[in-house]
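Every number in this text was worked out from the coordinates using simple rules, so none of it is lab data. All of these numbers come straight from a predicted model, not from anything done at the bench. Cβ: placed from backbone, ideal geometry, glycine included. Neighbour counts: every protein chain shown.
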Amino acid sequence: MAEFDYDLCVIGAGSGGVRAARIAAGHGARVAICEESRVGGTCVIRGCVPKKLLSYAAHYHEDFEDAAGFGWRVGDIEFSWPTLIGAVHRELDRLEGIYRRLLDGSGVTLLEGRGTLDGPQAVRIGERTVTAEKVLLAVGGWPWVPEFPGAEHVITSNEAFHLEQLPPRVVVVGGGYIACEFASIFNGLGSQVHQVYRGDAVLRGFDHDVRRVVTREMAARGVVFHFETQVTRVDKTGDGLRAQLDDGSVLEADCILYATGRVPNTRGLGLQEAGVEVRADGSVPVDEYARTNVPSVFAVGDVTHRINLTPVALHEGHAFADTQFGGKTRATDHESVASAVFSHPQVGTVGVSEEDAPHHYGEIDVYQSEFRPMRHTLSGNPEKALMKLIVERTGRRVVGLHVVGPDAAEIVQGFAVAVKWGLTKDQFDATIGIHPTSAEELVTLRSPVQGARNSS
Ligand code: NDP
């Protein structure tokens, strides 16, 4: 009889956990996975997937307006939030079903309930305890809201997908991925949106031109920004909510959405008791092979708080399973991971920003173009797109690539391969573009816009 109930018990059936469980089972391991909520985790149930569907919905609004320039006369338009949300949730049910069938088909045992560590090789799920030779923490993260008077009246992205009606007046707090995406969604669907952010331009950490263009274009679409401003309190009123800002002004709203970051989901997980090191921010430190300080306990995805993106968690989970159960030692390379912000306009980015580049590469050249995408020559929409390359001066390697505008995420996904594998500006230039596209700009940018830059 085996010493342990399972070879692997995974806590958390999100992207990283499900991938690790399935791959480990494929390598012949006996695998259990526990989940306290719905199978699929943040990305599928309350993150990337429903968010992108709402973003598609919100884009129609300006598409109807743009269509007039092409000869279309669109009648009265009307939007139904309940219809959209119903359709989104049916899609999530379908996806959850697929995830469940994938686990089942791989021979993974799903244990429904909250899993907590009960020592380094045991997991407690309700009244039951299972033992496993190895335990993988894949519990993800959870929205974090600062403490202030009236915090109980605000929502996070989790609840945004369950609103019964489209709120006519929305305040979004924060300037990161989620704040910009939801401000854009609500604005596109027709809400009046105020975005309150403590910084001076959205998307801190991104290239400064990206930040400038996104801020400008979101404002042009109707989002009202309150920069260098904080909410000090929120009160319920007769017909909604009132946010008091630290500049003395007041915003009346039907919904106040906080997108002020996410924290690892490790509270009450039994980590300290099992001897697993936890940082002050709740994250679990791991080495390149997902190993914690306890030999039987591993961690992947947002709980490790490195690059909190689904494809990174998937890769980490896969590499963990191959390494531990497939006889194939693999680590995830966290360099040059591309990402997108599905704000309106979209952002796609890979590699370093102009500000960071000199610290890594010394002298650089910057190539960029800001232009009106072709469809807007007839639509009348004044939106301008940005394409930007950061090139290392000595080796001519393209070390940063940034796009703001229509299809930015799709464009950058393709170019990410070139940046990741170190192609040079000359190799970009030797690539003949596809005409007419926006992305052809990236292989036709001839001269640096601002000469050489260095770290001095
Ligand atoms: P981010 O860390 O991106 O942004 C948090 C924002 O909240 C920042 O603007 C931050 O300001 C602000 N903030 C933090 N604390 C406070 C405070 N006390 N008061 C006021 N403002 C505050 O977090 P998100 O929640 O937007 O997203 C979490 C992570 O999820 C992302 O970093 C990303 O990894 C992932 N994600 C990825 C998506 C994608 O790939 N498209 C989509 C959504 C999420 P400041 O900048 O000054 O620190």
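Tabulated data for the structure shown
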item: Lys/Arg +1, Asp/Glu -1 at C-beta; the range 73-191 dipole; positive extreme among Cys180, Val108, Gly97; result: Val108
item: Lysines whose Cα lies under 25 Å from that of Lys328, excluding same-chain neighbours fewer than 8 positions away; result: Lys134, Lys420
item: Dipole magnitude of the range 368-456 about its Cα centre (Cβ charges: Lys, Arg +1; Asp, Glu -1), debye to nearest 20; result: 300
item: Loop-located chymotrypsin sites (Phe, Trp or Tyr not before Pro) in the range 394-433 whose Cβ has at most 15 other Cβ within 10 Å (DSSP); result: Trp421
item: Over the chain, volume per residue of the alpha carbon convex hull, in Å³; result: 176
item: Sequence of Asp407, Asp239 once ranked by neighbouring C-beta atoms within 10 Å, starting from the fewest; result: Asp239, Asp407
item: Summed side-chain charge close to Phe227 - residues other than Phe227 whose Cβ falls under 15 Å, Lys, Arg +1, Asp, Glu -1; result: +1
item: Net dipole in debye of the range 377-426 [+1 Lys, Arg Cβ; -1 Asp, Glu Cβ; about Cα centre; nearest 20]; result: 300
item: Cα centroid of the range 149-213 to Cα centroid of the range 269-318, whole Å; result: 29
item: Förster radius 22 Å - calculated FRET efficiency between Val263 and Glu335, Cβ distance, rounded to 0.05; result: 0.30
item: Helical contribution to [θ] at 222 nm, DSSP H n ≥ 4, -39,500 (n - 2.57), averaged over the chain, rounded to 500; result: -9500 deg cm²/dmol
item: Stretch gain in nm, segment Thr232-Glu159, where the contour uses 0.36 nm per residue and the Cα spacing is subtracted; result: 24.1 nm
item: Axial C-alpha extent at least 15 Å, average Kyte-Doolittle at least 0.0 - helices from the chain (DSSP); result: 15-26, 177-189, 408-420
item: Filtered chymotrypsin sites (Phe, Trp or Tyr not before Pro), the range 235-305: DSSP coil and at most 15 other beta carbons within 10 Å; result: Tyr289
item: Only Lys, Arg (+1) and Asp, Glu (-1) charged, at Cβ; the range 13-165 dipole about Cα centre in debye; result: 920
item: Residues whose placed amide H lies under 5 Å from that of Arg262, excluding near-sequence neighbours; result: Trp144
item: 26 Å Cα-Cα reach of Lys51 towards lysines, excluding residues that sit fewer than 8 places from it in its own chain; result: Lys384
item: Fewest-first ranking of Trp81, Trp72, using other Cβ atoms within 10 Å as the exposure measure; result: Trp72, Trp81
item: Radius 13 Å from Cβ of Val443, net charge of other residues (Lys, Arg +1; Asp, Glu -1); result: -2
